[in-house]
1. Looking at segment 164-183 only, could you name the residues that are among the aliphatic types (A, V, I, L, M), touching a Lys or Arg at 6+ places or on another chain (Cβ under 9 Å) and open to solvent by 30 Å² or more (accessible area, probe 1.4 Å)?
2. Quick check on residue 189: is it open to solvent by 40 Å² or more (accessible area, probe 1.4 Å) and on the phi > 0 side of the Ramachandran plot?
3. Please find, within segment 120-163, the residue that is nearest to residue 54 (Cα to Cα) out of those that are open to solvent by 20 Å² or more (accessible area, probe 1.4 Å) and part of a helix (DSSP H, G or I).
4. Please pick out the residue among 87, 117, 95, 102 that is open to solvent by 30 Å² or more (accessible area, probe 1.4 Å) and in contact (Cβ under 8 Å) with a residue 12 or more places away in the chain.
5. When the residues of segment 13-26 are narrowed to those that are assigned to a helix (DSSP H, G or I) and open to solvent by less than 10 Å² (accessible area, probe 1.4 Å), which ends up farthest from residue 294 (Cα to Cα)?
6. Here is a check on your reading of the model: is residue 249 open to solvent by 70 Å² or more (accessible area, probe 1.4 Å), without any contact (Cβ under 8 Å) to a residue 40 or more places away in the chain and either out of contact with any Asp or Glu (no Cβ under 9 Å at 6 or more places or on another chain) or among the acidic types (Asp, Glu) (or both)?
Amino acid sequence: MNTIKIIKNRSDIGAGTRGADMGIDAIEIAAINQDNDFFNKYDFEDVITENESVYNKKNNSFGKQINSVFNQCKRVSNHVKVNLQEGHFPIVLSGDHSSALGTISGVKAANPTKRVGVIWIDAHGDLHTPYTSPSGNIHGMPLGAVISDDNLDCQINEVDRETADLWDRMKNIGTLGQKALPEDIVFFGVRDTEEPEEKQMEKYGIKNYMVAEVRYRGLEVCVNEALEKLSDCDILYISFDVDAMDCDMISYGTGTPVAKGFDDKEIVQIINGLLASKKVACVEFVEVNPLLDLKGNKMAETAFDVLQQVAKTIEKL
């Protein structure tokens with residue numbers, strides 16, 4: 001029986017569009033509207049944020065708000081580390097996906113001698129760095145920092161010293177260096193990538209289970225194959241970006257929606273299949289943006305449905 005702890009990280013400073021900081025509240029409102037006491041059942045912690053940093057005039061175009069994102073990831077890392085050390089199962093609810101660097105760093109900091117595997121359920125690869133990012137938005141860079149590879153072969157940006165120094169500090173949050181080996185990352189649903197990310201996926205042999213493959217070969221087959229690929233890992237972390245789901249079928253209530261994704265039932269089956277390995281130490285939900293939702297609060301409602309079902313599975317482990 002696992003003791004779930006909800007970690008609420010209402011930060012959206014790593015994204016290009018404001019509003020994901022309200023995603024956690026939108027998920028809670030979805031629960032309230034269903035007369036569901038889910039959020040009263042579990043202890044929770046709020047992570048201090050600095051969303052006001054988006055109004056700062058000084059801003060590096062290749063690592064936007066990098067100083068504040070670094071601070072935020074440090075805070076998230078500490079929350080996750082402490083909760084794991086206390087024997088809890090953290091479910092992290094975050095705004096934008098830059099937070100995943102903090103979460104993975106916390107998992108590693110709590111388990112410094114263990115090999116960490118990452119399952120990335122997302123429309124995007126998020127393997128950029130300030131040197132390769134076309135936008136400078138750090139929610140596209142968490143895995144670049146996790147594997148501690150600047151990908152200078154694909155460099156397009158001249159990064160100033162201050163940004164480079166902060167980026168190096170980001171790569172060393174929690175513990176020094178890599179948090180996970182690139183070959184210990186598995187993608188589900190990634191379908192919107194740029195060339196620098198594709199080069200990294202090819203270089204390291206990062207497996208991407210695209211939606212069509214999962215449906216053709218069978219979801220259970222692909223999940224079991226992913227677990228086999230990560231069999232040398234001691235612990236696993238699951239990151240669920242809601243844009244992994246089909247925006248036309250579910251909702252456009254996320255910062256960077258992409259068509260032809262999974263449905264919510266498939267997401268539940270993937271996460272629950274991974275949880276069955278009993279290696280998963282932490283799950284994270286990100287990028288619900290109610291400001292962009294054209295269907296009321298549909299994205300948050302769907303995320304809450306997934307959250308409920310995943311939490312039930314975690315409790316039984």
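The values are calculated or read from the model by the stated rules, or taken from the named source; none is laboratory data. Values in this document were obtained by computation on a predicted structure and should not be read as measured data. Positions of Cβ are backbone-derived with ideal geometry, glycine not excepted, and every protein chain shown enters the neighbour counts. Heavy atoms of the whole protein, side chains included, go into the accessibility calculation; ligands, DNA and RNA do not. Shrake-Rupley method; radii C 1.70, N 1.55, O 1.52, S 1.80 Å.
1. 181
2. In short, no.
3. Within segment 120-163, the match that is nearest to residue 54 (Cα to Cα) is 139.
4. 87
5. Going through the qualifying residues, I end up with 24.
6. Here the answer is no, as residue 249 does not meet what is asked.
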